[in-house]
Amino acid sequence: MSANRAIPRIHGGPDALGAPLHDFSTNSNACGPCPAALAAVRQADVTRYPDAGYTQLRRQLAAFHHVDEARVLLAASASEFIFRITTLAARQGAQAVWLPPHSYSDYAQAAAAHGLTVASRPDDAQLLWACEPSSPLGAAQEGLNALVDGRKAQALLVLDRAYEPLRLSTVPTLTPQQLNTAWQLWTPNKALGLTGVRAAYAIAPTGQADSAAALEQLCPSWPVGAHGEAMLQAWVSEEAQDWLAASLKTLREWKARQITVCESLGWRCLPSEANFFCAQSALPEGFSLQQALAALRAQGIKLRDTTSFGLPGHVRLGVQAPAVQDALHNAWQQLPKTNS
C-alpha cells in the first residue's frame with residue numbers, strides 16, 4: 001500500500017464551529033488543568049528566549065526518567081517529532097513504514113510526505129510505530145512484545161507514550177529493558193489538562209547517540225517556547241505528580257459511570273485501560289453516524305469519529321465529568337426529534 005497520497009488531518013478539540021461546550025473528542029485529563037502546571041505556564045518569562053540547549057530542563061527530564069541527559073531530546077509537539085524522525089528514517093534509506101492496525105493519522109501523514117510505503121509486515125519496514133496504551137482503543141497494543149523483541153536490528157521503533165500517564169488499569173506491557181531499545185515519545189500536556197501548550201520530548205534508545213545527534217541537527221532552534229518549557233518543568237515536580245495520581249482515582253470513577261451511561265443508550269463499549277474508550281453507537285432510525293455526530297455538534301457536544309484511525313463505525317470518547325456525561329445522554333435521546 002502506498003502512503004504517497006493526500007491524508008486528511010483530522011483531530012479532536014476546537015473546529016470551525018469553535019470550542020465545543022462539552023468535548024469528548026480529545027483525551028485530555030478532564031480533571032485538569034493541573035494547578036501547579038497552570039501556575040507555571042502563567043508565570044513563564046516570555047520576555048526572554050529559553051536556553052537554546054534546554055540545559056536545566058533536559059537535566060530534570062533525565063532525572064525523572066532515570067536516563068542519561070544525552071538521551072533526552074526536546075520537540076515542539078508529538079506531531080513535530082513524528083515528522084522529524086520520519087525525515088531521519090527517510091534520510092537513512094527507509095522505504096517503508098509499519099503502522100498499528102488502528103493508529104494516529106500523523107504517522108501515515110509523515111510517511112506520505114517522504115514517499116514511504118506502508119508495509120503489511122514489520123519485517124518489511126525500516127520505521128515502526130507503536131502506541132501503548134494504544135489510540136484510539138486505549139488498550140494494550142496487540143503483539144507489542146513480539147514487535148519489540150523480533151524486529152530487525154536496524155529498524156527504528158518509536159513508542160508513542162502519550163497515554164501512559166493516563167493509564168487507569170493493569171500494568172505496562174514492556175519491561176524497562178525493552179523500553180531502552182525503542183524511541184519513547186512523551187507528551188505530558190494531555191495528562192496535565194493543558195493540550196493548548198505544545199511541548200513534548202523523546203528519549204533515545206541506549207546506544208543510539210548518532211541517531212540522537214542527527215535528530216538534533218534536524219531540529220530548528222528553540223523548538224519549545226517559554227510556556228512549553230514551564231509546563232515540562234512542572235510536569236516532573238512532586239506537586240504535579242501527586243495531583244496526577246489523585247486525578248486518576250477520579251477518572252476511574254467517572255469512566256465506570258460513563259460506560260454505564262453509554263450502555264444505557266444501547267452502545268457497545270470496547271475494552272480500554274486509559275481515560276478514553278471507543279464505542280459503537282446504536283444509531284436512531286434515519287441517522288448515519290456522521291449525521292448523528294453533526295447533530296450533537298450543533299448542540300455543543302463533540303465526539304471523535306474513529307474512521308481516520310482505521311476504525312469506521314465507532315466513536316472515541318474521552319472520559320468526562322458526570323454532568324457532561326448527562327448532557328451527552330440527554331442530547332442523544334433527543335436525536336430522533338432532531339431528524340423528524
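Rule-based calculations on the coordinates, nothing more; no lab input. Quick caveat, the model's predicted, so the values are computed rather than measured. As a convention, Cβ positions derive from the backbone with ideal geometry for all residues, glycine included, and neighbour counts pool all protein chains shown.
For segment 35-239, a crude dipole built from +1 on the beta carbon of Lys and Arg and -1 on the beta carbon of Asp and Glu, taken about the Cα centre, is about 200 debye to the nearest 20. A cut-off under 12 angstrom between Cβ atoms defines the neighbours of D68, and their net charge, with Lys, Arg +1 and Asp, Glu -1, is +2. Here the peptides 307-314, 35-42 are ranked by packing, the mean other Cβ count within 10 Å, and the order with the highest first is 35-42, 307-314.
Seen from K302, the other residues with C-beta closer than 15 Å to its C-beta sum to a net charge of 0, counting Lys and Arg as +1 and Asp and Glu as -1. Calculated on the Cα set of the chain, radius of gyration then Dmax: 20.2, 63 Å. Tell me whether segment 121-254 comes out rounded, prolate or oblate; compute the Cα gyration tensor, take square roots of the eigenvalues as a ≥ b ≥ c, and use a/c under 1.5 as the rounded threshold. Oblate.
Annotation: aspartates and glutamates with alpha-carbon distance below 16 angstrom to K302 (same-chain offsets under eight excluded): D15, D23, D326.
Helical runs assigned H by DSSP (4 residues or longer) give the chain a calculated mean residue ellipticity at 222 nm of -11000 deg cm²/dmol, each run adding -39500 (n - 2.57) before division by the residue total. Note on E216 and I10: the model spin-label points, each 7 Å out from Cα along the C-beta direction, lie 4.0 nm apart.
The overall shape of segment 176-241, judged from the alpha-carbon gyration tensor, is oblate: a/c is not under 1.5, and a/b is no greater than b/c.
What shape does segment 7-82 take by its C-alpha gyration tensor, where a ≥ b ≥ c are the square roots of the eigenvalues and a/c under 1.5 counts as rounded, a/b above b/c as prolate, and the rest as oblate? Prolate, since a/c reaches 1.5 and a/b exceeds b/c. The angle separating the long axis of helix 238-264 from the principal Cα axis of greatest extent in the chain is about 30 degrees.
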